[in-house]
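Read through the structure below, which is laid out as structure tokens, and then see the notes.
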Amino acid sequence: MRITLHVNGVPRSAEAEPRVLLSDFLRGELGLPGTHVGCEHGVCGACTVLLDDRPVRSCLMLAATADGHHVTTVEGLAEEAALSPVQQAFGECHGLQCGFCTPGFLTTVTAFLEAHPKPTDEEILDAVSGNLCRCTGYQNIVKAVRRASELMES
Amino acid sequence: MKPPQFGYTAAADLDEALEALAATGGKVLAGGQSLIPLLNMRLADPGHLVDINRIPALDAVAAQADGVRVGALARHFQALESDEAAAVQPLLRQALRHVAHPAIRNRGTVVGSIVHADPAAELPAVLALTGGTVTLRGREGERALSAEEFFLGPMESAIGPAEIAREVFFPALPERSGTAFHELARRKGDFAMAGAAALVTLDADLACTAARLVCVGTGAVPEVIDLSGLCRGWLSTSDWSAAAEAVRERIEPEDDIHATADYRRHLAGVLAARALSEAAANAEARA
């Protein structure tokens with residue numbers, strides 16, 4: 001079947017079987033490998049993208065169900081050549097090491113800070129509780145979220 | 001970790017969805033947060049999926065004086081964020097806070113969670129404790145079932161193969177009543193090792209006249225435990241530990257890799273006492 005998504009503001013269309021997951025459609029059919037595929041059953045959060053501006057697991061959604069919707073992947077976060085405030089903060093605060101989980105954190109945190117521009121630490125922990133990172137121990141990720149909040153304010 | 005092949009119908013309305021279900025013997029796809037993991041792990045192979053995500057007007061969370069009606073496509077976050085729903089039946093928000101993670105709550109549906117009938121999930125307990133109903137639509141019409149009629153066993157409900165759960169109704173909180181929900185999971189958002197939802201009603205002197213409780217993750221189906229006899233006359237500040245003991249005697253938890261049956265029984269008692277006294281305090285605050 002023909003599936004058309006608005007990905008990072010651009011209409012993109014490809015053929016896919018109904019069983020193709022949104023994660024695989026983005027990576028395989030649309031050539032956007034920034035969305036990482038980890039556990040493929042909704043636990044790790046690496047594949048998180050924004051569907052109509054809300055974070056969702058792209059491994060728990062059929063591309064067919066997403067037909068006609070707006071999807072933002074990690075590739076769509078940077079503004080022109082400049083990193084987004086969230087991306088910049090993760091770099092500054094060492095909020096990543098191997099980087100596998102990072103696309104999921106960046107999309108999750110981008111949507112979270114839109115809704116909660118001045119979060120408490122408790123709100124930050126709740127917001128990232130669905131994203132697993134096996135490298136950082138999360139301390140620097142929480143710092144990065146705080147830093148991104150500062151950058152977005154200024 | 002990819003779904004098996006299946007036929008696919010993106011239904012435009014309920015009638016088309018019901019026709020497709022009857023013709024194919026397939027499964028309904030709504031939020032997909034339980035069904036798609038089962039497909040990815042090949043634990044389910046339904047042959048055909050009827051996607052109801054494009055059916056309009058199924059996504060309402062309607063709070064009225066008599067209760068909260070939640071449509072088949074209302075996502076967890078909609079019910080969680082609705083101040084109107086929380087005012088009419090506060091247990092809904094208290095329980096939804098514990099459902100998975102924000103990204104799952106953005107897609108998963110309240111009705112889907114109930115139809116999935118996982119005894120470790122929060123919302124089946126809410127339906128049972130509030131005395132709510134599930135409205136099932138078939139080609140011949142609709143029927144409304146209570147939690148007791150609906151939940152038959154773990155992951156097993158009374159929904160027919162060609163029926164769609166169109167709506168769930170959670171009755172409003174009665175006067176001078178309060179609710180609370182407590183659970184414990186090893187990691188935030190995981191399925192709880194045990195949990196307890198409580199509903200307590202007070203008299204004019206703020207003493208308990210009715211106390212009911214449903215445990216999560218400790219039995220095959222959500223079962224309402226009526227502790228009104230035991231707890232009559234208790235205050236929110238009373239020692240509720242005798243209720244914890246009574247709950248431990250009623251439930252039949254099982255061992256698994258996350259916790260032993262004994263530990264679950266102990267935990268359910270602790271959480272039950274906490275939920276009951278907090279529900280009594282919440283009832284006081286509303287009185």
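The values are calculated or read from the model by the stated rules, or taken from the named source; none is laboratory data. Note that the coordinates shown come from a computational prediction; the quantities given were computed from them, not determined experimentally. Cβ: placed from backbone, ideal geometry, glycine included. Neighbour counts: every protein chain shown.
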Subset of the stretch B:48-74 [buried (at least 19 other Cβ atoms within 10 Å of the Cβ) and farther than 24 Å from B:Ala198 by Cα]: B:Leu49, B:Val50, B:Asp51, B:Ile52, B:Asn53, B:Ile55, B:Leu58, B:Gly71, B:Ala72, B:Leu73, B:Ala74
Hand me the list of helices (runs of 4 or more DSSP H) wholly inside the stretch B:1-108 holding 1 or more residues that are acidic (Asp, Glu) and away from every other protein chain (no Cβ under 11 Å). B:14-24, B:83-88
When you scan the stretch A:80-97, do you find a residue that is out of contact with any Ser or Thr (no Cβ under 6 Å at 6 or more places or on another chain) and within 14 Å of another protein chain (Cβ to nearest Cβ), even just one? no
Of residues in the stretch A:1-16 being within 12 Å of chain B (Cβ to nearest Cβ) and either in a strand (DSSP E or B) or surrounded by 15 or more Cβ atoms within 10 Å (Cβ to Cβ) (or both), the one farthest from the chain's Cα centre (by Cα): A:Ala16
Pairing a residue in the stretch B:78-91 that is within 15 Å of B:Phe169 (Cα to Cα) with any residue that is aromatic (Phe, Trp, Tyr) and not in a helix (DSSP H, G or I), where Cβ atoms lie under 7 Å and the two sit 6 or more apart in sequence or on different chains, gives B:Gln89/B:Phe170; B:Leu91/B:Phe181
Looking at (1) under 21 Å from B:Val214 (Cα atoms); (2) in contact with a Lys or Arg (Cβ under 9 Å, 6 or more places away or on another chain), can you tell me which one B:His116 breaks? (2)
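The rows are residues; the columns are (1) in contact with a Ser or Thr (Cβ under 7 Å, 6 or more places away or on another chain); (2) closer than 24 Å to A:Pro55 by Cβ.
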{"residue": "B:Ser34", "(1), (2)": "no, yes"}
{"residue": "B:Leu39", "(1), (2)": "no, yes"}
{"residue": "B:Leu43", "(1), (2)": "no, no"}
{"residue": "B:Val50", "(1), (2)": "yes, no"}
{"residue": "B:Val68", "(1), (2)": "no, no"}
{"residue": "B:Arg75", "(1), (2)": "yes, yes"}
{"residue": "B:Leu92", "(1), (2)": "no, yes"}
{"residue": "B:His101", "(1), (2)": "yes, yes"}
{"residue": "B:Glu122", "(1), (2)": "no, yes"}
In contact with a Lys or Arg (Cβ under 9 Å, 6 or more places away or on another chain), crowded, with 19+ Cβ neighbours inside 10 Å, assigned by TED's automatic domain parsing to the domain that holds B:Gln89 and closer than 23 Å to B:Cys208 by Cβ: does that describe B:Leu129? yes
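Condition check ((1) in a strand (DSSP E or B); (2) over 10 Å from the mean Cα position of the chain (by Cα); (3) under 21 Å from B:Leu39 (Cα atoms)) across all residues:
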site: A:Cys44; (1), (2), (3): no, yes, yes
site: A:Leu50; (1), (2), (3): yes, no, no
site: A:Ala64; (1), (2), (3): no, yes, yes
site: A:Val86; (1), (2), (3): no, yes, no
Residues in the stretch B:260-287 that are surrounded by 17 or more Cβ atoms within 10 Å (Cβ to Cβ) and of a type in the set (Val, Ile, Thr) total 1
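For the stretch B:233-252, give me the residue count where each residue is in a loop (DSSP other than H, G, I, E, B) and surrounded by 18 or more Cβ atoms within 10 Å (Cβ to Cβ). Write out each step before concluding.
Within the stretch B:233-252, the subset in a loop (DSSP other than H, G, I, E, B) is B:233-240, B:251-252.
From the residues that got through so far, the ones that are surrounded by 18 or more Cβ atoms within 10 Å (Cβ to Cβ) too are B:234, B:236, B:240, B:251.
Within the stretch B:233-252, residues that are in a loop (DSSP other than H, G, I, E, B) and surrounded by 18 or more Cβ atoms within 10 Å (Cβ to Cβ) number 4.
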Failed condition for B:Asp45, given (1) touching a residue at least 60 places away in the same chain (Cβ under 8 Å); (2) surrounded by fewer than 22 Cβ atoms within 10 Å (Cβ to Cβ): (1)
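Here's a check for you: in the stretch A:45-64, which residue that is farther than 14 Å from A:Phe25 by Cβ and surrounded by fewer than 24 Cβ atoms within 10 Å (Cβ to Cβ) is nearest to the other protein chains (Cβ to nearest Cβ)? Walk me through it before giving the result.
First pass over the stretch A:45-64, keeping only residues farther than 14 Å from A:Phe25 by Cβ: A:45-46, A:48, A:50, A:52-55.
Among the residues that remain, those that are also surrounded by fewer than 24 Cβ atoms within 10 Å (Cβ to Cβ) are: A:52-54.
On the way: A:Asp52: 9, A:Asp53: 10, A:Arg54: 4 Å.
Only one residue fits best here, namely A:Arg54.
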When every residue in the stretch B:118-140 that is outside any helix (DSSP H, G or I) and farther than 19 Å from B:Val50 by Cβ is compared, the one farthest from the other protein chains (Cβ to nearest Cβ) is B:Gly131
Inside the stretch A:17-38, can you point out the residues that are in contact (Cβ under 8 Å) with a residue 40 or more places away in the chain and within 11 Å of chain B (Cβ to nearest Cβ)? A:Pro18, A:Arg19, A:Val20, A:Leu21, A:Leu22, A:Gly38
Taking the stretch A:87-111 only, how many residues are within 23 Å of A:Cys59 (Cα to Cα), in contact (Cβ under 8 Å) with a residue 40 or more places away in the chain and of a type outside the set (S, T, N, Q)? 7
Within the stretch A:66-79, tally of residues that are assigned to a loop (DSSP other than H, G, I, E, B) and away from chain B (no Cβ under 11 Å): 3
Just one of A:Gly42, A:Gly68 is surrounded by 20 or more Cβ atoms within 10 Å (Cβ to Cβ) and touching a strand residue (DSSP E or B) at 6+ places or on another chain (Cβ under 8 Å); which is it? A:Gly42
Taking the stretch B:210-233 only, how many residues are free of Cβ contacts under 8 Å to residues at least 60 places away in the same chain, within 20 Å of B:Leu173 (Cα to Cα) and touching a helix residue (DSSP H, G or I) at 6+ places or on another chain (Cβ under 7 Å)? 4
Breaking point among (1) touching a residue at least 24 places away in the same chain (Cβ under 8 Å); (2) assigned to a loop (DSSP other than H, G, I, E, B); (3) of a type in the set (A, V, I, L, M, F, W, C); (4) surrounded by fewer than 16 Cβ atoms within 10 Å (Cβ to Cβ), for B:Ile257: (1)
